[in-house]
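First the structure, in the form of structure tokens, and then the observations on it.
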Amino acid sequence: MDENMANIVVEQEMNVLEKLDDKLSTTVQMLEELSEQFKSRISYDAKQEKIVDSMHAELQNYRNDMYAMLLKPLLVDIIEVVDNIRKAGLAFAEKGEAEKKASTIITDFILDLHNVLDSYGVEVFKGMPGDNYTPIQQRIVSVIVTNQPELNSKIAESLGFGYRYKGKVIWPEKVKTYKYQISID
């Protein structure tokens, strides 16, 4: 083979190599672009998934709050009935033997209603004499003046039950409390 022919073959091979190099560069560039698009899509999908999860949690909270809003008036009505029955039971307890039996039946009925309230997530609470008065969960209906400073703001007597639903007081306990007052004699 003569030198001319060898140069032509080398030149053709160089052209082929240059074309292959161009195609390889183009392919690498396309792969890099696809990789960037893929990363962008994965990031977008992850953001969308976060948004969907957040919206789902928010919707669930709205559902729970709506349930509580619908249930709360019913629970308060039941609590009001319990309070009225309790008052009637107290009136019976101060009477004769037959009325005392009625008072016992009423007390059992109140316990049954407390069980119903408990099944709906209502917590029943009642302070004891000597406990500290808690304004958020108790309402003062009367005050007993005392000259003993250690009794100030303590519960003298609980006059009913208090009720919490989902950690919030929906019916405060009615109490008598002590109030310290220096006697001027």
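Things to note:
- Residue-level analysis places residue 71 among those that are within 14 Å of residue 166 (Cβ to Cβ) and surrounded by 12 or more Cβ atoms within 10 Å (Cβ to Cβ).
- Sole exception among (1) without any contact (Cβ under 8 Å) to a residue 12 or more places away in the chain; (2) surrounded by 11 or more Cβ atoms within 10 Å (Cβ to Cβ); (3) closer than 30 Å to residue 181 by Cα for residue 156, by number: (1)
- Qualifying residue in the stretch 85-106 (condition: more than 26 Å from residue 71 (Cβ to Cβ) and of a type in the set (Val, Ile, Thr)): yes
- Here 140, 136 are screened, and the one residue that is on the phi < 0 side of the Ramachandran plot, touching a Ser or Thr at 6+ places or on another chain (Cβ under 8 Å) and in contact (Cβ under 8 Å) with a residue 24 or more places away in the chain is 140.
- Among the numbered conditions (1) loosely packed, with under 11 Cβ neighbours inside 10 Å; (2) within 24 Å of residue 169 (Cβ to Cβ); (3) not acidic (Asp, Glu), the only one that residue 98 does not meet is (2).
- Within the stretch 161-185, the set of residues being within 14 Å of residue 133 (Cβ to Cβ) and surrounded by fewer than 17 Cβ atoms within 10 Å (Cβ to Cβ) comprises 176, 179, 180.
- Of all the residues in the stretch 108-155, those that are of a type in the set (D, E, K, R) and within 18 Å of residue 84 (Cα to Cα) number 4.
Laboratory data are not the source of any read-out in this text; all were calculated from the coordinates shown. Note that the structure is a prediction, hence the values are computed from the model and not measured. Quick reminder, even Gly has a Cβ in these numbers, built from the backbone with ideal geometry, and neighbours come from all protein chains shown.
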